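This report concerns only the one structure given below.
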Amino acid sequence: MNANAMSNFEIVTREDFSDVTYLLEVRHPLMAKAAKPGQFVIVMLNEHGERIPLTIADFDRKKGTITLVIQAVGKTTRQMQQECRVGTTLYGMVGPMGIPSPISHAKKVVCVGGGLGVAPIFPQARGFKEAGAYVIGVLGFRSKDLVFWEDKFRSCCDELILCTNDGSAGMKGFVTDGIKVALAGHSDIEEVIAIGPPVMMKACADATRAAKIKTMVSVNPIMVDGTGMCGGCRVKVGDQVKFACVDGPDFDGHLVDFDDLMVRLGRYTKVEKEAHERWSDSCRMTKQVGASALHALKHGGQSELLELPDPFEDAPGG
Amino acid sequence: MREQDPQVRAKNFEEVACGYSLEDALRESERCLVCPDEPCISGCPVGINIPGFIQKIGEKNLRGAYDILTDTNLLPSICGRVCPQENQCEGVCTVGDSLEPVAIGRLERFVGDTALKEGWVNIPYIEPNRFRVGIVGSGPAGMACAADMAKAGCDVTVYEAFHEPGGVLKYGIPDFRLPNTVIDAEIDNLKKFGVKFECNTLVGRLFTIEQMIDEMGFHAVFVGVGAGYPTMLNIPGDSLNGVLSANEMLTRCNLMRGRDFPNFDTPMPIGKRVAVVGAGNTAMDAMRVSLRLGAEKVYCIYRRSRTEAPARAEEVHHAEQEGVEFHWLTAPVAVLDDGKGNVRGMRCVRMELGEPDDSGRRRPVPVAGSEFDFETDLIIYAIGTNANPIMGQTSKLKLNKWGYIGADENLATSVAGVFAGGDIVTGAATVIQAMGAGRKAARSMKAYLGIRDPGLPYIESSGGTLFGIDTRERNFARVRIA
């Protein structure tokens, strides 16, 4: 292994799942080799950018790439949606961070992903499958046109329960309804792993509490460095305070104080909105004075027309 | 030394101390008695030949002064600014027995800044050897170790987890105390020595210390990752919005340039009435940054008295001048919320000093019934840091009971070829102590690799050495005894 084979963070693939959700595959052979399910990276788009945490959705050791699935919801994630094209590079990407998810010896597990959480639950589902478990996937989306990676999950899940809020694909309902179906059909489920927005993970933990089924969740609070230095990502777990970046990001869902987590996620909402508005305005101005090629692209400049979606975002800082 | 007016500087991020002019430096240099027992040299953690460089200033030979300084200290511009001189060289200065001690730190800074301005770099004659050295962490310990190993002829690579090198010098110490341009200039000097910097690299997770030795071809590794894990108070209301660590606030402001938000994307928590808990250098930095970001009131909450405050005297003085309100012998009891998850105020209790504790400082004890509340909308904890857990999680390095890396007196760890120094071994300390540890580890590393390192060339008089390398040394072949 050569240390100098460090990446220049080149984007080699981009795929748009919907108007707001997109996938980036970034070249970083060393990280692809080191990454394990449950870990995350911190990305900087440019020199003036902020550091945003993004969960690793997949890694390909052969190709030497890291896959990120991102929802355009804040200033940085929308700017990335506009600017990150195949062949462009990120200013920085550091990782893999956090303690890898423990792929336990459970024989039957439910892997739950909601919205953008569908992406990071994939390496876990695959990990459990490779460890010989019977894997039931429960995926939740708002509607049919937001569904992605169904085929990828079918390839590693023994059962797949797809839920949409409006019933346009799979069963109508939330992931918690999917969990109920899974629990009703199997009495020997040993573990549930849930990734998604905090409100969803809270509901999942509540759904399994009575049956005392071990439930792991992956939290993603606001971070700066991601190396245990700022303490911005502290979460209450039972009677302890943990740093998600170095003590997590996976914790026992029955112990996490989700209400506290949700309040803390809103810390910078107001200033972030200002930053985003300022940025959208400058984009609009650029357009008026003669649109650059960048803005002429399919998704360019659309972001300010979109309403803020549910906080299905992986990166609250973004 | 000329300083910016407190009222003016409390609104900007320009450097507070403007630095000496040549006339100032000449006048100050004449105050040195060149006393025979040289207490200042033994007071300096790296043993700079202080009377020597001051004499050169007196002779108006600034290049000569720079050569003497860089014999032992590669980063004079940084150390001149951030060393706690009052406890080191200046604290034992003979002149200080009856008058103000010689302003050694300011003179050092003057010479260092002149060198940066003139573009002087002392690049020694380096004969490359076949050894590769990996340094984990680009803070002061890593920089000092890297410099010494590069001078010994090793191929040195420094890994940094952040996107820019410099460690605590960059993310922690604000620009008005240590401008980033100074740090970058010193790092550029290291690059001229052949040191390579690799940022965005989280050692332990991207690859482990063991992999560096076993797979990546490093013959020795130095771990200087600091002790950045911030301590929280563990009082009610700790997790409210508006309570943050000094590390978070300083990193957002200094490294991420949150103070220029929204031109930079990182948001900055802004408070009108800011309470900073603690009275160390980091606390002073957090308070003075808060003032510069527009806070109307900044309070310092410290449970001991001013005498026990760990900050440099100059920093406390500067903070006071700029309008920080000090509340000595006051300890926080609870953070009060506004019912929406935000900070509304703080409840404190008065303290008095009792018997001395383990640290030799008098232990503060609460005064019964003295609790009181006050209004604040931003609370910053600057009450110390703990060991970062990543190295312990990912390597076989033995840790001590506090989680710091265990190292012997030569800074060798439990893994052969791996050395450690700075805050990750001792717990939070100063920049110059970290540099001292980096250099000590470099000496041990050279011994481990079998690189000839005659005695302690760094504290010999400059007569026999050139840029820290014994002048005789280049005539010897370096042989590794396997």
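Key figures
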{"item": "Protein heavy-atom accessible area occluded, A/B pair - total, 1.4 Å probe, Å²", "result": "4200 Å²"}
{"item": "Within chain A, helix-based [θ] at 222 nm, where runs of 4 or more DSSP H residues each add -39,500 (n - 2.57), nearest 500", "result": "-8500 deg cm²/dmol"}
{"item": "Tensor-based shape of the range B:212-350 (alpha-carbon gyration tensor, a/c under 1.5 rounded, otherwise prolate or oblate)", "result": "prolate"}
{"item": "Whether the range A:2-128 is rounded, prolate or oblate, judged on the alpha carbon gyration tensor where a/c under 1.5 counts as rounded", "result": "oblate"}
{"item": "Separation of the B:His317 and A:His105 label points, Cα + 7 Å toward Cβ, nm", "result": "6.6 nm"}
{"item": "Residue-by-residue Karplus 3J(HN,Hα) for the range B:318-329, coefficients 6.51, -1.76, 1.60, Hz, glycine and proline x", "result": "4, 4, 5, 4, 7, x, 5, 9, 8, 10, 6, 6"}
{"item": "Trypsin sites (Lys or Arg not before Pro) lying in DSSP loop within the range B:307-378, provided at most 12 other Cβ fall within 10 Å", "result": "B:Lys340"}
{"item": "Chain B, relative contact order in percent, only Cα pairs under 8 angstrom and at least six apart counted", "result": "17 percent"}
{"item": "The range B:58-91: GluC sites (Glu not before Pro) in DSSP loop, at most 15 other beta carbons within 10 Å", "result": "B:Glu59"}
{"item": "For chain B, the longest site-free run once chymotrypsin sites (Phe, Trp or Tyr not before Pro) in DSSP loop states with at most 11 other Cβ atoms within 10 Å are removed", "result": "B:1-401"}
{"item": "Selection from A:Ala72, A:Ala34, A:His105 lying farthest towards where the dipole of the range A:1-107 points positive, charges on Cβ", "result": "A:His105"}
{"item": "26 Å Cα-Cα threshold exceeded, pairs from A:Lys36/A:Lys214; A:Lys270/B:Lys340; A:Lys129/A:Lys180; A:Lys214/A:Lys236; A:Lys75/A:Lys242", "result": "A:Lys75/A:Lys242"}
{"item": "Residues with amide H under 5 Å from that of B:Gly204, placed H, sequence gap 5 or more", "result": "B:Ile209"}
{"item": "Placed amide H near B:Phe264: partners under 5 Å, 5+ positions off or other chain", "result": "none"}
{"item": "Prolate/oblate/rounded call for the range B:301-367, Cα gyration tensor, a/c under 1.5 rounded", "result": "oblate"}
{"item": "For the protein assembly as shown, share of DSSP beta bridges that run antiparallel, in % to the nearest 5", "result": "50 percent"}
{"item": "Subset of A:Lys33/B:Lys401; B:Lys11/B:Lys196; B:Lys170/B:Lys297 violating a 30 Å alpha-carbon distance limit", "result": "A:Lys33/B:Lys401; B:Lys11/B:Lys196"}
{"item": "Value of relative contact order over the range B:1-100, rounded to a whole percent, pairs C-alpha under 8 Å and six or more apart", "result": "26 percent"}
{"item": "Given charges at beta-carbon only (K, R positive; D, E negative), |dipole| of the range B:204-269 in Debye", "result": "280 debye"}
{"item": "Coordinate range along principal axes, alpha carbons of the protein assembly as shown, Å, largest first", "result": "89, 69, 62"}
{"item": "Cα centre as origin, Lys/Arg/Asp/Glu Cβ charges: chain B dipole, Debye", "result": "880 debye"}
{"item": "Those GluC sites (Glu not before Pro) in the range B:143-220 that DSSP places in a loop and that have at most 15 other beta carbons within 10 Å", "result": "B:Glu215"}
{"item": "Solvent exposure of the protein assembly as shown as accessible area per residue, Å², 1.4 Å probe", "result": "39 Å²"}
{"item": "Descending semi-axes in whole angstrom, ellipsoid equivalent of the range A:108-218, from the Cα gyration tensor", "result": "18, 16, 13"}
{"item": "The range B:85-91 - phi-based ³J(HN,Hα) in whole Hz, Karplus 6.51/-1.76/1.60, Gly and Pro as x", "result": "4, 5, 9, 10, 3, 6, x"}
{"item": "Karplus-derived 3J(HN,Hα), 6.51/-1.76/1.60, for each residue of the range B:166-174, Hz, glycine and proline x", "result": "x, x, 4, 4, 8, 7, x, 7, x"}
{"item": "Antiparallel bridge percentage (DSSP; both residues within chain B; nearest 5)", "result": "40 percent"}
{"item": "Sequence-distant residues sharing a close amide H with B:Leu336 (under 5 Å, placed H)", "result": "B:Arg344, B:Gly345, B:Met346, B:Arg347"}
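The values are calculated or read from the model by the stated rules, or taken from the named source; none is laboratory data. Fair warning: this is a prediction, and the values are worked out from it, not measured in the lab. Heads up, the Cβs are rebuilt from the backbone with ideal geometry, glycines too, and the neighbour counts pull from every protein chain shown. To get the accessible areas, we keep the full protein, side chains included, count just its heavy atoms, and leave off ligands, DNA and RNA. Shrake-Rupley method; radii C 1.70, N 1.55, O 1.52, S 1.80 Å.
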